[in-house]
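A short write-up of the structure that comes next.
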Amino acid sequence: MSIMKDSREATMVGRRSDGTTVRRPLSPHLQVYDMLQMTSALSISHRITGVIWTAGVVVMVWWLVAAASGPSAFAWVQWFLGSFLGVLLLMGVTAAAWYHTLAGIRHLAWDAGWGYDIPTTYRTGRAVLIGTAVLTALTWLALLITWF
Amino acid sequence: MSHSTSSNPGGQPVQQASLRTPLGRVRGRGAAGHGAHHWWMQRVTSVALLPLTLWFVAVLATNAGMTHGEALAWIGHPFNAVLLIALIALTFQHTASGLQVILEDYVNNEALRRGSILLVQGVSWLLGIAAVLAVLRIAV
């Protein structure tokens, strides 16, 4: 076996029952894997939406700091959030946040040992997608009704 | 992760097929010595963030276009200020640990991986402190 360049390669080394070492096979990855399965698509989406939500967190900090700084700084942030770019950003963050929240609840259910079978996984996955669309629409409906 | 041949029906000497020492396996806390602490904290913060985030989003969605005075009154109310500081602290704890896992998974170069994780944690602390200070300046 060649010399390892990365410590994580240690996890790729196994032993046969007779004790001789063997390099574990690498499972077929991105090139051959069906990328359009709901299970894997929702899984990576959970990470991506978590990262997108970070943009919303930065806006929250900006909003709070601007409110503490004074009227002119606050007027700036309110102007940006009401602009086309701001509304677009907030809509994206709202959808990402609802997805991450619902998919996170799905993850907590899995952690508790519930919902691992394939039919349930697909059912809860569809529920997360539909729930994200419905709750994002309801959030913006409430926002637009109270805004105007 | 340890792939020891634990089932040993033939009674032959057990092959130690893991790099971990038996003592390390008994302690069960891994190389960092924290066991499942990081994983568990991410679950704890996610459960706490669920009601806090719903409350924050519900207030903002039904009060869009707040004036500066209205925002100060709302942030400055003791009840809201306490919940806001809890929301900020838990949000940045959860965000930093989530981003850390992503960096650990995808950044192969060790120096870059460790450096980017430290950067994420540093920026998270600074933004979190700034947000908490803003709430305190308004509320106190």
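Taken together, the values in this text are just the output of simple stated rules run on the coordinates, not laboratory data. Since the model is a prediction, treat every value here as computed from it, not as a measurement. Don't worry about glycine lacking a Cβ; one is built from the backbone with ideal geometry, like all the others, and counts go over all protein chains shown.
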(message) Strictly greater than 24 Å: what percent of every Cα pair in region B:34-139 meets that?
(response) 35
(request) Grab the other residues whose beta carbon is less than 15 angstrom from that of A:Ile105, score K and R as +1, D and E as -1, and report the net. (result) +3
(request) May I ask you to sort A:His107, B:His34 by Cβ crowding, counting other Cβ atoms within 10 Å and putting the fewest first? (result) B:His34, A:His107
(message) Starting from a Cα-only point model with no solvent, please compute log10 I(q)/I(0) by Debye for chain A at q = 0.13 1/Å.
(response) -0.82
(message) With +1 assigned to the C-beta of every Lys and Arg and -1 to the C-beta of every Asp and Glu, and no other charges, what is the dipole magnitude of the protein assembly as shown about the Cα centre in debye, to the nearest 20?
(response) 780
(message) Above 29 Å lies some portion of the pair distances; for the protein assembly as shown, what is it as a whole percent of all C-alpha pairs?
(response) 49
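Dipole magnitude of region A:11-148 about its Cα centre, charges +1 at Lys/Arg Cβ and -1 at Asp/Glu Cβ only, in debye to the nearest 20?
Details: 8 positive and 4 negative charges, 79 e Å.
Dipole about the Cα centre, nearest 20: 380 debye.
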(request) Quick one: angle between helix A:118-147 and the longest Cα principal axis of chain A, in degrees between 0 and 90, rounded to 10, please. (result) 20
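In which sequence would B:Arg113, A:Arg106, A:Arg126 go, from the one with the fewest C-beta neighbours within 10 Å to the one with the most?
Values: B:Arg113 16, A:Arg106 20, A:Arg126 12.
Fewest-to-most Cβ neighbours within 10 Å comes out as A:Arg126, B:Arg113, A:Arg106.
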(request) Please arrange B:His38, A:His100 by counting, for each residue, the other beta carbons lying within 10 Å of its beta carbon, fewest first. (result) B:His38, A:His100
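Treating only the Cβ atoms of Lys and Arg (+1) and Asp and Glu (-1) as charged, compute the dipole magnitude of region B:34-139 about its Cα centre; round to the nearest 20 debye.
On the way: 4 positive and 4 negative charges, 24 e Å.
It works out to roughly 120 debye.
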